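Notes for the one structure printed next.
The values are calculated or read from the model by the stated rules, or taken from the named source; none is laboratory data. As the structure is a computational prediction, the values presented were derived from the model and not from experiment. In this analysis, Cβ positions are derived from the backbone assuming ideal geometry, glycine residues included, and neighbour counts consider all displayed protein chains. We work out accessible area using only protein heavy atoms, side chains counted, and drop any ligands, DNA or RNA first. Shrake-Rupley method; radii C 1.70, N 1.55, O 1.52, S 1.80 Å.
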Amino acid sequence: RKDQRAAAYASADLPIPTVFEIGAALGGYFAIAPRAYGAPLESVDAQTWRTVMPSLVAALEAMRTADIAATSGFGGWDAHGQASSPSWSHHLLAVAEDTPDLRIHGWRRKLEAGSPAGSAAFAWGFAQLQRVVSDAIPRSLLHCDLMNRNVLVDGGRIAAIFDWGCARYGDHLYDLAWFEFWAPWHPNLDVARLRAALETRWQETGYVPDNLAPRLAACYLHIGLDHLAYNAHLGDWETLAATAARMKTLVEVTL
């Protein structure tokens, strides 16, 4: 349903496949959309990454400037395009909650029992997030998962962006922070080149993001904390330790 809703924002720069029909069948569900071709963005080689850069920057800018005036709230939005958090800070700070409605409910107990170091890293990160988080941000359309086979590249440009299940409203820097946070996991992607290309586009359009460093730090912290909780839920202590280290490094360098 969120992909169906997201298609309203589709454009030449933001190719979101139309979902024609959704329904139940064969004990499960189906969704029908046009076939999109291409290779997953995170799998491309260095040359293709450089070639696709203008298209990726255009897609990020199309999300930043998308008209979401008819929607409300911050954080994850529903099939009607409405989000429940009243502010960006409220959404980000909710990362510390472990309520029964969560898919990963019980993560905090698992974290404390399985990784005292991870639990300490979470406490450190959350204290940092409380210190830097701000509501002085532009409210934009975010995808929040532009890897994991959710973006296809074909002919040197972005061919399709789908799986909007993690999509939110909030600071557009979050999608840039996503690439920067996971850069060590994808050494084939020159993320510094993406950052430079995006900043060049901002300069060309006269856009200057205020308070860039603390806003990025808030995004890094939320991504890190969210995945500490997720990996505690999975019991993946190796990835949890690597995620904690990456979060700390990024925040210390940024602030």
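Checking every residue in region 30-42 against the condition of being open to solvent by 80 Å² or more (accessible area, probe 1.4 Å) and either within 12 Å of I161 (Cα to Cα) or in a loop (DSSP other than H, G, I, E, B) (or both) gives at least one match. Can A177 be described as open to solvent by less than 30 Å² (accessible area, probe 1.4 Å), touching a residue at least 40 places away in the same chain (Cβ under 8 Å), part of a helix (DSSP H, G or I) and more than 18 Å from L129 (Cα to Cα)? Here the answer is no, as A177 does not meet what is asked. Assess whether G106 counts as being crowded, with 17+ Cβ neighbours inside 10 Å and not aliphatic (A, V, I, L, M). So G106 fails the test. Restricting region 146-171 to residues that are open to solvent by 20 Å² or more (accessible area, probe 1.4 Å) and touching a Cys at 6+ places or on another chain (Cβ under 8 Å), the residue that is nearest to A33 (Cα to Cα) is C166. Among the residues of region 226-244, is any hydroxyl-bearing (S, T, Y), farther than 22 Å from S89 by Cα and open to solvent by 40 Å² or more (accessible area, probe 1.4 Å)? Yes, some residue in region 226-244 is hydroxyl-bearing (S, T, Y), farther than 22 Å from S89 by Cα and open to solvent by 40 Å² or more (accessible area, probe 1.4 Å).
Conditions (1) assigned to a loop (DSSP other than H, G, I, E, B); (2) in contact (Cβ under 8 Å) with a residue 40 or more places away in the chain; (3) among the acidic types (D, E), marked per residue:
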| site | (1), (2), (3) |
| --- | --- |
| I104 | yes, yes, no |
| D135 | yes, yes, yes |
| L141 | no, yes, no |
| D145 | yes, no, yes |
| G165 | yes, yes, no |
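Here is a yes/no grid of residues against (1) of a type in the set (A, V, I, L, M); (2) over 19 Å from W49 (Cα atoms):
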{"residue": "H91", "(1), (2)": "no, yes"}
{"residue": "G106", "(1), (2)": "no, yes"}
{"residue": "E112", "(1), (2)": "no, yes"}
{"residue": "A121", "(1), (2)": "yes, yes"}
{"residue": "L129", "(1), (2)": "yes, yes"}
{"residue": "N150", "(1), (2)": "no, no"}
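Within region 68-110, the residues that satisfy the criterion of being hydrophobic (A, V, I, L, M, F, W, C) and within 17 Å of the chain's Cα centre (by Cα) are F74, W77, A83, W88, L92, L93, A94, V95. Among the candidates P184, P214, single out the residue that is of a type outside the set (K, R), touching a helix residue (DSSP H, G or I) at 6+ places or on another chain (Cβ under 7 Å), open to solvent by 50 Å² or more (accessible area, probe 1.4 Å) and modelled with pLDDT of 95 or more. Checking each option against the conditions leaves just P184.
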